[in-house]
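Accompanying notes for the structure given below.
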Amino acid sequence: MKNKGACRAAFLDRDGVLIRAIVRAGKPYPPASLAEMEILPGVVEACTTLHEAGFLLIVISNQPDVARGTQRREVVEEINQALCSRLPLDDIRVCYHDDADHCSCRKPEPGLLLQAARDWDVDLSVSFMVGDRWKDVLAGRRAGCMTVFLDHGYAEKEPDGADHRASSLAEAVDWMLRHCKNPTKEK
């Protein structure tokens, strides 16, 4: 359903933001099945708070294991459907490509955010991208959004230039709502 007039959105990564990432050797991986999916503590309330504050909630997720042949697209869609039934999400956008595909929809490229913004009439300058990896933050910056990095201490590159760093979606939402009330305030 399209909204009338430009609106604001919270673009949310899936694994590590909404649901628990499976961490092996310091690197996050998506759950392998619906049975492994676990919505993180505070996510239902955080999403409800954002939605009630007038944000569209749009999931932006890289799922390269489909291209790599280690995950079936049907399993990704089953997990996404379960999320839609439990959270007030407006849309889920997924890139099923791997880095070698050089597509414009795979984060850190902003393609999925830009397409969702066009489809939903989103004003990117008053919207946020929330993610737990450097690719999420860079995609949000490239799209013109404010960015929040959820730091889970992964053993990988950290993002440069996130507008805010938090440890949970609930903490991120508190900052986002305060920032909307007073956007000139410091990080």
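Regarding the range 99-109, can at least one residue be identified that is at pLDDT 95 or above and under 24 Å from Trp175 (Cα atoms)?
Within the range 99-109, one or more residues are at pLDDT 95 or above and under 24 Å from Trp175 (Cα atoms).
Residue check, Arg106 against (1) touching a Leu at 6+ places or on another chain (Cβ under 9 Å); (2) without any contact (Cβ under 8 Å) to a residue 40 or more places away in the chain, all met but one. Which one?
For Arg106, the failing item is (2).
Give me the residue from the range 125-139 that is farther than 19 Å from Pro64 by Cβ and in contact (Cβ under 8 Å) with a residue 40 or more places away in the chain and, out of that set, surrounded by the fewest Cβ atoms within 10 Å (Cβ to Cβ).
Residues of the range 125-139 farther than 19 Å from Pro64 by Cβ: 125-128, 130.
The next check asks that each one be in contact (Cβ under 8 Å) with a residue 40 or more places away in the chain; those that pass are 126-128, 130.
Working: Val126: 17, Ser127: 26, Phe128: 25, Val130: 29.
Here the answer is Val126.
Any residue in the range 16-31 that is under 14 Å from Leu83 (Cβ atoms) sitting within a Cβ distance under 9 Å of a residue that is surrounded by fewer than 21 Cβ atoms within 10 Å (Cβ to Cβ) and among the polar types (S, T, N, Q)? List the pairs, counting only those 6 or more apart or interchain.
Final answer for the pair search is Pro30/Gln71.
Condition test on Leu83, is it touching a residue at least 40 places away in the same chain (Cβ under 8 Å) and either among the aromatic types (Phe, Trp, Tyr) or over 19 Å from Ala117 (Cα atoms) (or both)?
Judged against the criteria, Leu83 is a match.
Out of the residues in the range 2-32 that are in contact with an Asp or Glu (Cβ under 8 Å, 6 or more places away or on another chain), of a type in the set (A, V, I, L, M) and part of a loop (DSSP other than H, G, I, E, B), state the one that is surrounded by the fewest Cβ atoms within 10 Å (Cβ to Cβ).
Across the range 2-32, the extreme among qualifying residues is Ala6.
For the range 90-123: of the residues being assigned to a loop (DSSP other than H, G, I, E, B) and under 16 Å from the mean Cα position of the chain (by Cα), which is nearest to Glu52 (Cα to Cα)? Lay out the reasoning, then the answer.
We begin by selecting, within the range 90-123, every residue assigned to a loop (DSSP other than H, G, I, E, B); these are 90, 96-98, 102-110, 121, 123.
Right, trim to under 16 Å from the mean Cα position of the chain (by Cα) and you get 90, 96, 105-110.
Details: Asp90: 12, Tyr96: 31, Cys105: 28, Arg106: 29, Lys107: 28, Pro108: 29, Glu109: 29, Pro110: 26 Å.
Ranking the qualifying residues of the range 90-123, first place goes to Asp90.
Please determine whether any residue of the range 89-109 is out of contact with any Gly (no Cβ under 8 Å at 6 or more places or on another chain), among the acidic types (Asp, Glu) and under 12 Å from Phe11 (Cα atoms).
Scanning the range 89-109 turns up at least one residue that is out of contact with any Gly (no Cβ under 8 Å at 6 or more places or on another chain), among the acidic types (Asp, Glu) and under 12 Å from Phe11 (Cα atoms).
Yes/no per residue for (1) surrounded by 16 or more Cβ atoms within 10 Å (Cβ to Cβ); (2) modelled with pLDDT under 95:
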site: Leu34; (1), (2): no, no
site: Ala46; (1), (2): yes, no
site: His51; (1), (2): yes, no
site: Ile58; (1), (2): yes, no
site: Pro64; (1), (2): yes, yes
site: Val76; (1), (2): yes, no
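For Arg72, indicate whether it is of a type in the set (Lys, Arg) and within 23 Å of Val173 (Cα to Cα).
Numbers: of a type in the set (Lys, Arg): yes; within 23 Å of Val173 (Cα to Cα): no.
No, not satisfied.
What residue, of Ala35, Ala46, is part of a helix (DSSP H, G or I), touching a helix residue (DSSP H, G or I) at 6+ places or on another chain (Cβ under 7 Å), over 20 Å from Glu109 (Cα atoms) and not basic (Lys, Arg)?
On the way: Ala35 fails: touching a helix residue (DSSP H, G or I) at 6+ places or on another chain (Cβ under 7 Å).
Answer to the check: Ala46.
Determine, yes or no, whether Leu50 is in contact (Cβ under 8 Å) with a residue 60 or more places away in the chain, under 17 Å from Asp13 (Cα atoms) and of a type outside the set (Gly, Ala, Ser). It would help to see each step written out before you state the result.
Values: in contact (Cβ under 8 Å) with a residue 60 or more places away in the chain: yes; under 17 Å from Asp13 (Cα atoms): yes; of a type outside the set (Gly, Ala, Ser): yes.
So Leu50 passes the test.
Could you please give the count of residues in the range 13-37 that are among the charged types (D, E, K, R) and more than 16 Å from the chain's Cα centre (by Cα)?
Within the range 13-37, the subset among the charged types (D, E, K, R) is 13-15, 20, 24, 27, 36.
Now restrict to residues that are more than 16 Å from the chain's Cα centre (by Cα): 24, 27, 36.
Going through the range 13-37 one residue at a time, the tally reaches 3.
The values are calculated or read from the model by the stated rules, or taken from the named source; none is laboratory data. Keep in mind that this is a model prediction, so the values were computed, not measured. In this analysis, Cβ positions are derived from the backbone assuming ideal geometry, glycine residues included, and neighbour counts consider all displayed protein chains.
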